[in-house]
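Peer 1: Right, I'll just put the structure down here and ask away after.
The values are calculated or read from the model by the stated rules, or taken from the named source; none is laboratory data. What you see is a predicted model; the values in this text were computed from it and never measured. Because the Cβ atoms are built from the backbone with ideal geometry, glycine has one as well, and the counts that use them run over all protein chains shown.
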Amino acid sequence: MSSLDPEQLSASQKAGFDTIFGIAARTFEGFEKLVALNAQTVRTTIAENQELAGKVVLARDPQEFFALQTGHMQASAERMQAYWRDVYEIMTGAQGVLASVAEAQFRKSQQDAQSYVDSLARNAPAGSEAVVSAWKSAIGAAAESANSAYEAAKKAAKQVVEVAESNASAASKGVAQQLSAVGKAASSSKK
């Protein structure tokens, strides 16, 4: 059987289309989750601001007014942290799915290349063993090089995600600490 069999080519094209549409579907699922998160965040923010406005109107003195504002700022900082954690989880989940699809496609293309070389070797004319051996060696070296590059890129991407997560966490903690200090300062000024 030839390596360019129309049935194999058709199956390969179908698999490629399935992969593309699968990626599109997964990407859209991530987008839907982000839209839902943003809609919920807007609803919550409107409700909380309405509640705060009602309390501020009823504030009896400036200290109570500032205490309400400080409490709202602290709660807002905590909600902001939770929001970005949720965004990070959605993005990490989508990235994980896409990375697994990419890895599967990478492995499949390596297998296809090796199968093609093996098919050429089986169908090679007598006396071409040296050329076939050179092809196999070149394909093997290219596969090893591609594997090394892929693994290095995968490790680098993982490190970038870890650094970004660490920086986001540190920034969130810093904001929370600053708002806490503002709240304490406002509370001590009431006394």
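Peer 1: Restricted to region 83-94, and to residues that are of a type outside the set (A, V, I, L, M) and touching a residue at least 12 places away in the same chain (Cβ under 8 Å), which residue is nearest to Thr19 (Cα to Cα)? First the steps, then the outcome.
Peer 2: Quick first cut of region 83-94, residues of a type outside the set (A, V, I, L, M) only: 83-86, 88-89, 92-93.
Those still in the list that are touching a residue at least 12 places away in the same chain (Cβ under 8 Å) too: 83-84, 86, 88, 92-93.
On the way: Tyr83: 31, Trp84: 30, Asp86: 27, Tyr88: 25, Thr92: 20, Gly93: 18 Å.
Filtering first and then ranking leaves Gly93.
Peer 1: Next question, about the same structure. Hey, Ala82 hits all of (1) closer than 30 Å to Ala170 by Cα; (2) out of contact with any Gly (no Cβ under 8 Å at 6 or more places or on another chain); (3) among the small types (Gly, Ala, Ser); (4) surrounded by 14 or more Cβ atoms within 10 Å (Cβ to Cβ) but one; which does it fall short on?
Peer 2: (4)
Peer 1: Show the residue pairs meeting these rules: Cβ distance below 9 Å; 6+ apart or different chains; first residue within region 142-166 and over 19 Å from Gly96 (Cα atoms); second residue in a helix (DSSP H, G or I) and aliphatic (A, V, I, L, M).
Peer 2: Listed by first residue and then by second, the contacts come to Ala142/Ala113; Ala143/Ala113.
Peer 1: OK, next. Go over the candidates Val160, Val182 one by one and state the one that is loosely packed, with under 13 Cβ neighbours inside 10 Å, modelled with pLDDT under 75 and β-branched (Val, Ile, Thr).
Peer 2: Numbers: Val182 fails: loosely packed, with under 13 Cβ neighbours inside 10 Å.
Of the residues listed, the single one that is loosely packed, with under 13 Cβ neighbours inside 10 Å, modelled with pLDDT under 75 and β-branched (Val, Ile, Thr) is Val160.
For every residue, the table says whether it meets (1) more than 30 Å from Arg26 (Cα to Cα); (2) of a type in the set (S, T, N, Q); (3) at pLDDT below 75.
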site	(1), (2), (3)
Arg85	no, no, no
Gln105	no, yes, no
Ala138	yes, no, no
Glu151	no, no, no
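Peer 1: Next up: Looking for something without any contact (Cβ under 8 Å) to a residue 60 or more places away in the chain, surrounded by 12 or more Cβ atoms within 10 Å (Cβ to Cβ) and either small (Gly, Ala, Ser) or closer than 30 Å to Ala124 by Cβ (or both) - is there at least one such residue anywhere in region 63-73?
Peer 2: The answer is no, given that none of the residues of region 63-73 is without any contact (Cβ under 8 Å) to a residue 60 or more places away in the chain, surrounded by 12 or more Cβ atoms within 10 Å (Cβ to Cβ) and either small (Gly, Ala, Ser) or closer than 30 Å to Ala124 by Cβ (or both).
Peer 1: Taking the stated definitions as given, is Lys14 under 21 Å from Val97 (Cβ atoms), in a helix (DSSP H, G or I) and not acidic (Asp, Glu)? Let's see the steps before the verdict.
Peer 2: Working: under 21 Å from Val97 (Cβ atoms): yes; in a helix (DSSP H, G or I): yes; not acidic (Asp, Glu): yes.
The answer is yes for Lys14.
Peer 1: Working only within region 22-60, note down all residues that are under 30 Å from Val117 (Cβ atoms) and either of a type in the set (A, V, I, L, M, F, W, C) or surrounded by 14 or more Cβ atoms within 10 Å (Cβ to Cβ) (or both).
Peer 2: Within region 22-60, the subset under 30 Å from Val117 (Cβ atoms) is 22-23.
Answer for region 22-60, where residues must be under 30 Å from Val117 (Cβ atoms) and either of a type in the set (A, V, I, L, M, F, W, C) or surrounded by 14 or more Cβ atoms within 10 Å (Cβ to Cβ) (or both): just Ile23.
Peer 1: Something else now. Taking the options Ala152, Ala121, name whichever one is assigned to a helix (DSSP H, G or I) and either surrounded by fewer than 13 Cβ atoms within 10 Å (Cβ to Cβ) or in contact with a Ser or Thr (Cβ under 6 Å, 6 or more places away or on another chain) (or both). Step through it out loud before you land on a result.
Peer 2: Values: Ala121 fails: either surrounded by fewer than 13 Cβ atoms within 10 Å (Cβ to Cβ) or in contact with a Ser or Thr (Cβ under 6 Å, 6 or more places away or on another chain) (or both).
Exactly one of Ala152, Ala121 is assigned to a helix (DSSP H, G or I) and either surrounded by fewer than 13 Cβ atoms within 10 Å (Cβ to Cβ) or in contact with a Ser or Thr (Cβ under 6 Å, 6 or more places away or on another chain) (or both), namely Ala152.
Peer 1: Can I ask one more? Could you say which residue among Ser115, Ser119 is within 34 Å of the chain's Cα centre (by Cα), under 30 Å from Asp5 (Cα atoms) and small (Gly, Ala, Ser)? Write out each step before concluding.
Peer 2: Details: Ser119 fails: within 34 Å of the chain's Cα centre (by Cα).
Within the list Ser115, Ser119, the selection yields Ser115.
Peer 1: Here's another thing I want to ask about it. Restricting to region 86-98, and then to whatever is of a type outside the set (Val, Ile, Thr) and surrounded by 14 or more Cβ atoms within 10 Å (Cβ to Cβ), can you tell me which residue is farthest from Arg43 (Cα to Cα)? If you could, list the steps in order and put the result at the bottom.
Peer 2: So the first thing to find is which residues in region 86-98 are of a type outside the set (Val, Ile, Thr), and the list is 86, 88-89, 91, 93-96, 98.
From the residues that got through so far, the ones that are surrounded by 14 or more Cβ atoms within 10 Å (Cβ to Cβ) too are 86, 88, 91, 93-94, 98.
Numbers: Asp86: 16, Tyr88: 20, Met91: 22, Gly93: 24, Ala94: 25, Leu98: 31 Å.
The qualifying residue farthest from Arg43 (Cα to Cα) is Leu98.
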